[in-house]
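The values are calculated or read from the model by the stated rules, or taken from the named source; none is laboratory data. A quick note: this is a predicted structure, and the numbers were derived from the prediction, not measured. Note that we place each Cβ from the backbone using ideal geometry, even for glycine, and neighbour counts take in every protein chain shown.
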Amino acid sequence: MKATTYKDTMINTAALFTLLLLGTFPVMAQQPAAYVGGDQGKWFSSVSTDKARYSPLEPAEFTVAFRQPAHGKTLVIAYEHLDTLVGSDTLVVQNPDSVSWSWQVPGIDYRGYIAEVSLYDSGNLLDYTDIGIDVSSNWSKFPRYGFLSSYQNMPQEEIDSTISVLNRYHINGIQFYDWQYEHNQPLAGTVQDPSPSWNDIANRTNYLSTVEGYINAAHRRGMKAMNYNLLYGAYGNADQDGASDSWRLFQDPNHQSPEFYQLPSSWASNLYVMDPGNQDWRDYIFAQERKAFLAIPFDGWHVDQLGYLGSLYNYAGQPVDPTSTFASFLSQAKSQLNVDLVMNAVGQYGQQEIAQAPVDFLYTEVWDPDSTYGDLVKIISDNSTYSQNRLSTVLAAYMDYNLSSGYFNTPGVLFTDAVIFAAGGDHLELGEHMLSNEYFPSAKLSMTVSLENDLVHYYDFMVGYENLLRDKETVVSLPLSAETGSTSLALSSQPLRGSVWSRIATKGNLVILNLVNFTNANSMAWRDRYGTQTYPDTLSEIRLDFPETTRISNIWTASPDFYGGSPVSIPFVQTGNTVSLTLPGLLYWSMVVIQLDTTITAVNGGQNGLPNSLSLGQNFPDPFNPTTQIEYRLADAGHVTLKVYDVLGRTVATLVDGREEAGRYSVTFNAGSLPSGVYFYRLTDDSYSKIRKMLYLK
C-alpha cells in the first residue's frame, strides 16, 4: 500500500518552528520513551531516510513503517543538533501501514542531527524511535565506508535491497571489491563497448549490469562508488597486455625471482608485484584505470597494496622501498584521473607517506601486532598526527576471524565499534554481509537480528554526534574519579581490562567524556577471534567527580545503548572548583557532554560576573517531582517572560512576566497539579527567545 506523504498531513516545519518561537506551537521534542512511557518497537517496524547524507538545505525524505495499523494516530518528530532543538514536525497518520514526510535540512555544512520520532494517541505515547541525519556536501569529512563483493547477474530489486540496508546504516561510500576483470586490465572490453560479463581473478562471473546497477543505486542514496584495485598488481601473463616483465619487483638483485602473491591454483593467476615507482608502469596502469572510469561511473579509486614484502629490487638490481613511492604515485593518479582517492595502509605500512598525498581520508587494514583495543585507539591517533588532524580514519578490522560458521559475537563487535567510534574513527565492516576476513566475498558468519538492530543504533549515534566524535576535537586529560554506590570504579585513560576507559576531549566550550565499560571483559583483544568476548554488566548510578573552575551551564548524556541515542540532561552539583554528576547507566558506551558557561563576563575572577547575553539553563533536577529550578541570565534590563507549555502548546504556567534588571535569576516550577509528561519552557526578552524541554515524573 502506498505511503501517505507529508504534503497531505504535515504542518510545515519552517512555519511550525516559527510558531514555536512565538509561543503558539502545537508540539515539541520529548524525552525518550524509557522515561515517559510507551512500548518501544510495538508500533514502529522501521524508520528510514532516502539518503545516507545530504547537502545543506536539501530535503530529507523520511518513512516510518508500522507493525500494526496506526490510522488516526499522531506522529511527532523533533530534530536536534546535539542537545538543541532545531525543528519540529507533526502529522496525523492517514495510512495504516506507513507514513512519509520531508524535512529541509539546515543550511550549515558538516553537521549531524538526530530525529526523534514518537507516536501518540490522544496524548498518550505509544512508541518512539530515533534516526541520524548527516548534512555533509563531501562524504570524506565523515566517511562511513562499506563494501560490495559479489556481482553475479542480479535483478534490480535485489541490488536496491542491498543498498537500502547499507543506507539505513548511513554508509556513504562503497568499496567495490574485486569487481574488475584483471588487475592490470580492470575493464573487460573497450570504453565504447565494455563486455557484458567477465571472469574475475577467482574465476567468478561478474556482470556489468550488476556493477552499474549498484553504482546507480548508490548514487541515488548519496553514496560514493569506489573502484577497487591494487596500485601494483598484474597477472602472470600481463606482458601480453603490454605490461612489461621488466617493470616488476624482484626478491633478488638479479631479477631471477619476481615478487608475487600466491593464490589458489583454481584462480586465474597469482598476482605479480610491479614497481610503483616505475614511470612506465604508472603510465600503463593510469591509462587502464582511465578506461574503467570512462566506461563505468565510479567516483574514485580505492588503491590497495600487500603491506611489507621484505627486501625488494627493481629489474636493474636497485633496492626499492615501495613506501617512498606512494605519495608521488597517488599525486600523479590524482592529476591524471581527477577522482577521489583512498589507499590501504596494510598494518600501517606507508601510512605516513600516504597521509601526505591527495587522499580523501586514511584507511588502515589492521593486523597483528595491533591486537588490542588500545592499538585501535593509537592507530586513529597516529593517523590524525600524520595528516595534521586533516583526515578522518577508517579501519578495516575483521571480527571473529577464526570462527568458521555461525554468528558474530555481539559483545565483541559492539566493543570494537564503541572503541573505534569513540576514538573518532569508522569501521569498514558492512556490505552484503559483515566482514570476518580479508577476502571480502567470504560470508561464513551471519549477524543476529539483535546485532543488526544494535548496529543501527551505533551508526545513528555516530552520525548524530559526529561533530563531537569526529570533528577536530582535542584530546585532553582530566582528573576523574568514579564510584557506583559505595564502590570505587576503576577508570583508565587507555582501554584496560577491569576498568572503564575514559576518553576526554574538548571542542569550543564543550568537554566531551566518552566512557567504555570493560569492567568485566574477558579479553582486550579486539578481533575476538573465537567469539568469546563476554557481555558487559550494566553499571547504574555512577557518580563522577572532577575539578572545573569555569561555571557549568548544563551536563547531558547520550548513548547508543539507551533511549535510541537521544540526549538526556543529567543532574550535577558544582561546589567551588569541584563538579559531581550522576550518570544513570553505562552498558557498552556512554557519552557525557559538559557545557561550560561562556555567557559570563569575568569580574573578580569570574565569581561575580554579569552575563554578556541572554541564556536559559537546563532545569534541575530533570526529571523532577514535583518541583524543579530554572535558571536564566539577562545581559540587559527589559521585559522578560518565562512560560511553561505542555506538548499541545498550551500554557500551563507563567513563571515570569515583567521588567527585570541584568543579572542571574532562578525560579521554581511546581508541577504538582499537572500530569506526568514532557513540558517545555520558553524565555523571551525584547529581542530573543530560548526554549528547553523538561520531564515531570510522579
Among the residues of segment 347-368, are any under 15 Å from ARG527 (Cα atoms) and acidic (Asp, Glu)? yes
Checking ALA637 against (1) surrounded by fewer than 16 Cβ atoms within 10 Å (Cβ to Cβ); (2) within 38 Å of the chain's Cα centre (by Cα); (3) under 23 Å from ASP597 (Cβ atoms): exactly one of these is not met. Which one? (2)
Could you count how many residues in segment 446-473 are of a type in the set (A, V, I, L, M), in contact with a Phe, Trp or Tyr (Cβ under 7 Å, 6 or more places away or on another chain) and farther than 14 Å from ALA423 by Cα? 4
Can you give me the number of residues within segment 77-94 that are assigned to a strand (DSSP E or B) and more than 30 Å from GLN595 (Cβ to Cβ)? 2
What about ALA202, is it aliphatic (A, V, I, L, M) and in contact with a helix residue (DSSP H, G or I) (Cβ under 9 Å, 6 or more places away or on another chain)? no
Tell me which residues, restricted to segment 45-76, are in a strand (DSSP E or B) and of a type in the set (Gly, Ala, Ser). SER45, SER46, SER48, ALA60, ALA65
Across (1) farther than 30 Å from ASP134 by Cβ; (2) surrounded by 15 or more Cβ atoms within 10 Å (Cβ to Cβ); (3) among the small types (Gly, Ala, Ser), GLY236 clears everything bar (2)
Tell me which residues, restricted to segment 432-443, are touching a residue at least 40 places away in the same chain (Cβ under 8 Å) and either surrounded by fewer than 24 Cβ atoms within 10 Å (Cβ to Cβ) or outside any loop (DSSP other than H, G, I, E, B) (or both). GLU432, GLU438, PHE440, PRO441
State which residue is nearest to PHE572 (Cα to Cα) when the search covers only segment 506-524 and only residues that are touching a helix residue (DSSP H, G or I) at 6+ places or on another chain (Cβ under 8 Å) and surrounded by fewer than 21 Cβ atoms within 10 Å (Cβ to Cβ). LEU510
VAL456 is checked against (1) among the aliphatic types (A, V, I, L, M); (2) within 27 Å of ILE159 (Cβ to Cβ); (3) in a loop (DSSP other than H, G, I, E, B) and fails just one. What number does that condition carry? (3)
Turns out the strands (runs of 3 or more DSSP E) fully within segment 588-657 with at least 1 residues that are modelled with pLDDT under 85 are 627-634
Considering only segment 358-394, how many residues are surrounded by fewer than 19 Cβ atoms within 10 Å (Cβ to Cβ) and either aliphatic (A, V, I, L, M) or at positive phi (or both)? 2
Taking segment 167-176, which residues are in a loop (DSSP other than H, G, I, E, B) and either modelled with pLDDT under 95 or surrounded by fewer than 23 Cβ atoms within 10 Å (Cβ to Cβ) (or both)? TYR169
Subset of segment 489-506 that is assigned to a strand (DSSP E or B) and touching a residue at least 60 places away in the same chain (Cβ under 8 Å) - its residue that is farthest from TYR535 (Cα to Cα): ARG503
Working only within segment 469-483, note down all residues that are touching a residue at least 40 places away in the same chain (Cβ under 8 Å) and either surrounded by fewer than 16 Cβ atoms within 10 Å (Cβ to Cβ) or in a loop (DSSP other than H, G, I, E, B) (or both). ARG470, ASP471, LYS472, GLU473, VAL475, LEU478, PRO479, LEU480, SER481, GLU483
Taking SER246 as the residue in question, decide whether it is out of contact with any strand residue (DSSP E or B) (no Cβ under 6 Å at 6 or more places or on another chain), in a helix (DSSP H, G or I), touching a residue at least 12 places away in the same chain (Cβ under 8 Å) and not assigned by TED's automatic domain parsing to the domain that holds SER335. yes
Residues of segment 655-684 being buried (at least 20 other Cβ atoms within 10 Å of the Cβ) and of a type in the set (D, E, K, R), which ones? ARG682
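The rows are residues; the columns are (1) at pLDDT 95 or above; (2) surrounded by fewer than 20 Cβ atoms within 10 Å (Cβ to Cβ); (3) more than 23 Å from GLN348 (Cβ to Cβ); (4) in contact with a strand residue (DSSP E or B) (Cβ under 7 Å, 6 or more places away or on another chain).
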{"position": "ALA396", "(1), (2), (3), (4)": "yes, no, no, yes"}
{"position": "TYR401", "(1), (2), (3), (4)": "yes, yes, no, no"}
{"position": "GLY406", "(1), (2), (3), (4)": "yes, yes, yes, no"}
{"position": "ALA423", "(1), (2), (3), (4)": "yes, no, no, yes"}
{"position": "ASP426", "(1), (2), (3), (4)": "yes, no, no, yes"}
{"position": "SER446", "(1), (2), (3), (4)": "yes, yes, yes, yes"}
Qualifying position, being surrounded by fewer than 21 Cβ atoms within 10 Å (Cβ to Cβ) and either among the charged types (D, E, K, R) or in contact (Cβ under 8 Å) with a residue 12 or more places away in the chain (or both), among ILE296, ILE285: ILE296
Tell me which residues, restricted to segment 158-193, are aromatic (Phe, Trp, Tyr) and closer than 17 Å to GLU212 by Cα. PHE176, TYR177, TRP179, TYR181
Report every pair of residues separated by at least 6 positions or lying on different chains whose Cβ atoms are under 9 Å apart, first residue within segment 194-223 and on the phi > 0 side of the Ramachandran plot and in contact (Cβ under 8 Å) with a residue 12 or more places away in the chain, second of a type in the set (S, T, N, Q) and surrounded by fewer than 20 Cβ atoms within 10 Å (Cβ to Cβ). ASN203/SER266; GLY222/SER55
Name the one entry in ILE201, ILE159 that is in the same structural domain as ILE296 (by TED's automatic domain parsing) and not in a loop (DSSP other than H, G, I, E, B). ILE159
